[in-house]
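Data first, discussion second: the structure below is written as structure tokens.
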Amino acid sequence: DAGVTQSPTHLIKTRGQQVTLRCSPKSGHDTVSWYQQALGQGPQFIFQYYEEEERQRGNFPDRFSGHQFPNYSSELNVNALLLGDSALYLCASSGGLAGGLMADTQYFGPGTRLTVL
Amino acid sequence: QKEVEQDPGPLSVPEGAIVSLNCTYSNSAFQYFMWYRQYSRKGPELLMYTYSSGNKEDGRFTAQVDKSSKYISLFIRDSQPSDSATYLCAMRGAMNSGYSTLTFGKGTMLLVSP
């Protein structure tokens, strides 16, 4: 059973550029959440997708946008990159038919490390 | 005051020691509490998930929740060098509470020496 996968592993961009990160959820999961983890900090919630719609959003600017596809995979797009966007971007999946606490449990991927120069 | 406070450490212990990791929180809407382990440059891995006040044990790990004090703990018995990692506490409210997304602490770095 494949867990959450993310691509690419590492990415280097320059200020002002745009980036797209990708996530495939754990088998059986239908909900994808994205987090930003700066060095030495805990993950910060960006947004969550369910049924191809943004269900919840954290305190991030509109430069951060996303998409969920019919197969539940997801993309995170960041426009007009700033130096402060350098971080580990984590995708977590949850949901499915299990119900209860199991459905709410979020499983994380390995992350994409983004460096903005 | 941040919603979730966690001492960043590092916490250094010898192999075999009992480790105590803690978080405090201020939002009484938080009802579900998790501990994640994160190795360097990897994604967080879920260790424990608790709902009510009290203790939950899983192998060498025990999670403790005291909602009246807004204080949660993770105990690791017989610590091993392979336990060296950053431990993140996370919590959320009920799904319809407005606090249904995970809020994390900063993480505590644990170093277990052989």
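Sparsely packed loop sites in segment A:15-49 (the trypsin sites (Lys or Arg not before Pro) outside DSSP H, G, I, E and B with at most 14 other Cβ atoms within 10 Å) comprise A:15. Stokes-Einstein, applied to the Kirkwood radius of chain B over Cα pairs at a viscosity of 0.890 mPa s and 25 °C, places its translational diffusion at 173 µm² s⁻¹. For segment A:39-67, a decrease in accessible area of 50 Å² or greater in the assembled protein chains relative to the isolated chain, with a 1.4 Å probe, applies to A:43, A:56. Taking the accessible area of chain B, probe 1.4 Å, and keeping the other protein chains in place, the carbon and sulfur fraction comes to 48%.
Accessible area per residue was computed with a 1.4 Å probe on protein heavy atoms; residue B:39 scores about 80 Å². For chain A, with all protein chains in place and a probe radius of 1.4 Å, 51% of the accessible heavy-atom surface sits on carbon or sulfur. Chains A and B together bury some 1600 Å² of accessible area, summed over both sides, with a 1.4 Å probe. Both radii were evaluated on the Cα set of segment B:63-114; the Rg over Rh quotient, with Rh as the Kirkwood radius, amounts to 1.08. Cα centroid distance between segment B:68-92 and segment A:1-75, in Å? About 26 Å separates the Cα centre of segment B:68-92 from the one of segment A:1-75.
Each Lys and Arg adds +1 at its Cβ and each Asp and Glu adds -1 at its Cβ; summed about the Cα centre, the protein assembly as shown shows a dipole of about 460 debye. Note on chain B: GNM, Cα springs under 10 Å; of B:60, B:41, B:77, the largest mean-square fluctuation is that of B:41. Geometric descriptor of the protein assembly as shown, per residue, is 131 Å³ (volume of the convex hull of the Cα atoms). Computed over protein heavy atoms with a 1.4 angstrom probe, the accessible surface ordering of A:75, A:51, largest first, is A:51, A:75. Surface exposure of segment B:25-114, expressed per residue as accessible area with a 1.4 Å probe, stands at 44 Å².
Its convex hull of Cα atoms gives segment A:1-107 a direction-averaged projected area, equal to a quarter of the hull surface, of 6.9 nm². In the context of the full protein assembly, residue A:53 retains an accessible surface of approximately 120 Å², using a probe radius of 1.4 Å and ignoring ligands and nucleic acids.
The values are calculated or read from the model by the stated rules, or taken from the named source; none is laboratory data. Computed from a predicted model, the values in this text were never measured in an experiment. Cβ atoms come from the backbone with ideal geometry, glycine included; neighbour counts cover every protein chain shown. With ligands, DNA and RNA removed, areas are computed over all heavy atoms of the protein, side chains included. Shrake-Rupley method; radii C 1.70, N 1.55, O 1.52, S 1.80 Å.
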